[in-house]
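Enquirer: Supplied in structure tokens, the structure appears directly below.
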Amino acid sequence: QVQLVESGGGLVQPGGSLRLSCAASELPLMIYTMAWYRQAPGKQRELVAVITSAGNKRYVNSVKGRFTISRDNAKNTVHLQMKSLQPEDTAVYYCNARDNDAAYWGQGTQVTVSS
């Protein structure tokens, strides 16, 4: 059974940093388009960052210059480095892997930005 497992969430003060990781069993992430989504309480899930199998990246405007998505193919892991975190970044962050045939989700990791 394919599993995506997120880690790295937690409580951080405004201006702080966190690095989220998404690891997979039985799924070679390097061939998939990988993405991070987030969902804040009472809001719809939104796309935060995407990295294609070719390494092309794009970000939602609100995180540009602060968040960086990357791959570590040797460890079959995708990361989301988050800097200058703000309270509005508080959400559950989800990892997503997709290709033309299927999409997979992780269970989510909570990120809370608060003083």
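The values are calculated or read from the model by the stated rules, or taken from the named source; none is laboratory data. What you see is a predicted model, and the numbers here were worked out from it, not measured in a lab. Cβ sites come from the backbone with ideal geometry, for glycine too, and all protein chains shown count toward neighbours. Only protein heavy atoms, including side chains, enter the accessible area calculation; ligands, DNA and RNA are left aside. Shrake-Rupley method; radii C 1.70, N 1.55, O 1.52, S 1.80 Å.
Enquirer: Test GLN1 against the criterion of being of a type outside the set (Lys, Arg), open to solvent by 40 Å² or more (accessible area, probe 1.4 Å) and modelled with pLDDT under 95, and give yes or no.
Expert: yes
Enquirer: Looking only at the stretch 33-44, filter to residues that are at pLDDT 95 or above, touching a strand residue (DSSP E or B) at 6+ places or on another chain (Cβ under 9 Å) and farther than 19 Å from GLY8 by Cα; which one of those is surrounded by the fewest Cβ atoms within 10 Å (Cβ to Cβ)?
Expert: Here the answer is LYS43.
Enquirer: Follow-up. Of all residues in the stretch 52-91, which are modelled with pLDDT of 95 or more, small (Gly, Ala, Ser), open to solvent by 50 Å² or more (accessible area, probe 1.4 Å) and outside any loop (DSSP other than H, G, I, E, B)?
Expert: The answer is SER62, and nothing else.
Enquirer: Out of the stretch 67-115, which residues are more than 16 Å from VAL2 (Cα to Cα), hydrophobic (A, V, I, L, M, F, W, C) and touching a residue at least 12 places away in the same chain (Cβ under 8 Å)?
Expert: Within the stretch 67-115, PHE67, ILE69, LEU80, MET82, LEU85, ALA91, VAL92, VAL111, VAL113 qualify.
Enquirer: Of the numbered conditions (1) among the polar types (S, T, N, Q); (2) within 25 Å of SER115 (Cβ to Cβ); (3) within 15 Å of the chain's Cα centre (by Cα), GLN13 fails exactly one; give the number of that condition.
Expert: Result: GLN13 fails condition (3) only.
Enquirer: Please list, ordered by first then second residue, the pairs with beta carbon atoms under 7 Å, 6 or more apart or interchain, first in the stretch 42-66 and closer than 15 Å to CYS95 by Cβ, second part of a loop (DSSP other than H, G, I, E, B).
Expert: GLU46/VAL60; LEU47/VAL60; VAL48/VAL60
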